[in-house]
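The values are calculated or read from the model by the stated rules, or taken from the named source; none is laboratory data. Nothing here was measured: the structure is a model prediction, and the numbers come from that model. When we count neighbours, we look across all protein chains shown, and the Cβ atoms used for this are built from the backbone with ideal geometry, even at glycine.
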Amino acid sequence: MPTLRQQLFRIKPVPRQKEDVETDLKRTIGLFSLTMVGVGSTIGTGIFFILSESVPVAGPAVIWSFVIAGAVAGLAVICYAELAGSVPVSGSSYSYAYATLGELPAMGVAACLLLEYGVAGAAVAVGWSQYVNQLLFNLFGFQIPHALAYAPEEGGIVNLPAILLLAMCCFLLVRGTGESIVVNAIMVCLKIGVLIFFICVGVTGWDSNNFADFAPFGISGVVAGSGLIFFSYVGMDAVATAGDETKNPKKTMPRALIAALIIVTSVYVLVAVAALSAQPWEKFDGQTAGLSAILENIVGSQWPGTVVAAGAVISIFSVTLVSIYGQSRILFTMAGDGMMPKLFREVNPRTLTPVKGTIVVSAVIAVLAGFIPLNFLAEMTSIGTLVAFVVVSLAVIILRVREPNLERGFKVPFYPVLPVVSIIGCFWIISSLQIITIVVFIIWTAFILGLYFIFGRKSSVLGKQLAEAGPTNPESARTDSTGGAK
């Protein structure tokens, strides 16, 4: 009989299969589509409002804040790339933690991911409602009634547009992953086009004097701005949730992660430069719909703001789509391990997608989006991602030591310096978060770990396989990427 410690820290063996890892899902995602998943889940509401929060803190030097935040996220993404090429399965950092730290830590990481995707999905859906109202007003001169566009705490009854958005995303995902990925790729291209449009129009109002007082608050302001901007990089790990549906995952996933990071960081820096060149940094404080306002001031007309508002609507739709997708695939993987009810593992034989799990996830996020205000949801988004980034960086080090001969499609350069720096950078940003955010995160994690002790520890597929194998033949319990015995 294994001890409690052996149960809590049992490790799921790393899958040895290559590109043909067995999966119940259909492999339909190629390099371009997977890169668009990463870009689509990252470029969301953040870039459309973050300048009004970060520029007053850092001044024009916010450009360096974007670079620093991108570097911290980039270090974690590079670590993701190595693990994605070594453990090419769905589940993101949950699967990586299970293969390196053990079952209980994996459940703690799962709490981070469920928080990240669930709360972020609800937050961006609430933001979508506001941009829809702005677009309707610009185009037709009317808005959705306040009672049907805001949560009760904001003076409304229900945020109906947010719920409708989640219903549309759920419908797409239920129809099939292939169709959803195509729609996401189209939306990502459109919103990048809108941001490029902003950059091109923005630089026509270039005034070098706006950069004269480049760093009014010194290095401390640049660092503080980076902490705020990190929210704009949340979602990059969505690529790592698609391992079971990616073609040639060992090579495709690392390439898609790095390509998405390069695209996102380049777009962010160029948008920041264009915005600051056209407007003095002092005017960003408290500015709503900042990108739209800047273009309207340059052109002297409302139509550029309408274009940007349309881009925001498209942008947030794609982020919500990927949030539901990532959440349902993490639960799919956990159910295969016995950590969640079998409901989340059931796959529709026609569409080859986890229909029931997708519907449950969409319904829960819809409740959050419909009745909880945006400010509370947004505060909880970053911490789950940061903790997951720490685990991924740590997992790279552990796997290098434990399995040095494991086939890797990509290796982190300058090992172990980069993983260590990644961990330090993530903890640095966590230290800048509000205390209430950290407290709520701890309570949520304790709740998920409580579910593990009540349900997961006893129903663990790995635990049952180890018990059947016996102490003399633990290798016979080696599992494949779907949670089944080899």
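Of the residues in the range 403-415, not one is assigned to a helix (DSSP H, G or I) and either modelled with pLDDT under 90 or more than 24 Å from the chain's Cα centre (by Cα) (or both).
Given the options Ile436, Ile429, Ile442, name the one that is modelled with pLDDT of 85 or more and on the phi < 0 side of the Ramachandran plot. So that I can check it myself, show each step before the final result.
Details: Ile436 fails: modelled with pLDDT of 85 or more; Ile429 fails: modelled with pLDDT of 85 or more.
It is Ile442.
For the range 230-251, indicate whether the set of residues that are modelled with pLDDT of 85 or more and part of a helix (DSSP H, G or I) is non-empty. So far as the range 230-251 goes, no, none of its residues is modelled with pLDDT of 85 or more and part of a helix (DSSP H, G or I).
Here is a yes/no grid of residues against (1) closer than 30 Å to Ser432 by Cα; (2) touching a helix residue (DSSP H, G or I) at 6+ places or on another chain (Cβ under 8 Å); (3) aliphatic (A, V, I, L, M); (4) part of a helix (DSSP H, G or I):
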residue: Thr306; (1), (2), (3), (4): no, yes, no, yes
residue: Gly311; (1), (2), (3), (4): no, yes, no, yes
residue: Val322; (1), (2), (3), (4): yes, yes, yes, yes
residue: Tyr325; (1), (2), (3), (4): yes, yes, no, yes
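Scan the range 149-172 and tell me whether some residue there is polar (S, T, N, Q), over 30 Å from Ile424 (Cβ atoms) and assigned to a helix (DSSP H, G or I). Checked against the condition, which is being polar (S, T, N, Q), over 30 Å from Ile424 (Cβ atoms) and assigned to a helix (DSSP H, G or I), the range 149-172 yields no hits at all.
Consider the range 174-218 and keep the residues that are among the polar types (S, T, N, Q) and surrounded by fewer than 17 Cβ atoms within 10 Å (Cβ to Cβ). The one that is nearest to Gly38 (Cα to Cα) is Thr204.
Take Gly193 and decide whether it is farther than 29 Å from Ile383 by Cα, within 23 Å of the chain's Cα centre (by Cα), of a type outside the set (A, V, I, L, M, F, W, C) and part of a helix (DSSP H, G or I). Break it down stepwise before answering.
Numbers: farther than 29 Å from Ile383 by Cα: yes; within 23 Å of the chain's Cα centre (by Cα): yes; of a type outside the set (A, V, I, L, M, F, W, C): yes; part of a helix (DSSP H, G or I): yes.
The answer is yes for Gly193.
When the range 133-148 is filtered for residues that are in a loop (DSSP other than H, G, I, E, B) and at pLDDT below 85, the ones remaining, listed by number, are Gly141, Phe142, Gln143. Annotation note: of Val21, Val14, the sole residue that is buried (at least 18 other Cβ atoms within 10 Å of the Cβ), modelled with pLDDT under 70, touching a Leu at 6+ places or on another chain (Cβ under 7 Å) and farther than 30 Å from Ser315 by Cα is Val14.
Checking every residue in the range 430-449 against the condition of being in a helix (DSSP H, G or I), touching a residue at least 60 places away in the same chain (Cβ under 8 Å), touching a Cys at 6+ places or on another chain (Cβ under 6 Å) and not polar (S, T, N, Q) gives zero matches.
Residues that are under 15 Å from Val264 (Cα atoms) and at pLDDT 80 or above: which helices (runs of 4 or more DSSP H) entirely in the range 28-98 hold 1 or more of them?
Details: elements: 31-42, 46-58, 62-86.
It comes to 31-42, 62-86.
Taking each residue of the range 146-165 that is more than 8 Å from Gly370 (Cα to Cα) and looking for partners that are of a type in the set (S, T, N, Q) with beta-carbon atoms closer than 7 Å, six or more apart or interchain, yields Ala149/Ser129; Ala149/Asn133; Ala149/Asn159; Pro161/Ser129; Leu165/Thr320. Taking Ile397 and the conditions (1) assigned to a helix (DSSP H, G or I); (2) in contact (Cβ under 8 Å) with a residue 24 or more places away in the chain; (3) farther than 22 Å from Gln327 by Cα, which numbered condition does it fall short on, given that it satisfies the others? Here Ile397 clears every test but (2). Put simply, of Ser292, Ser315, Ser266 the only residue that is buried (at least 19 other Cβ atoms within 10 Å of the Cβ), of a type outside the set (Lys, Arg), under 24 Å from Thr42 (Cα atoms) and within 25 Å of the chain's Cα centre (by Cα) is Ser315.
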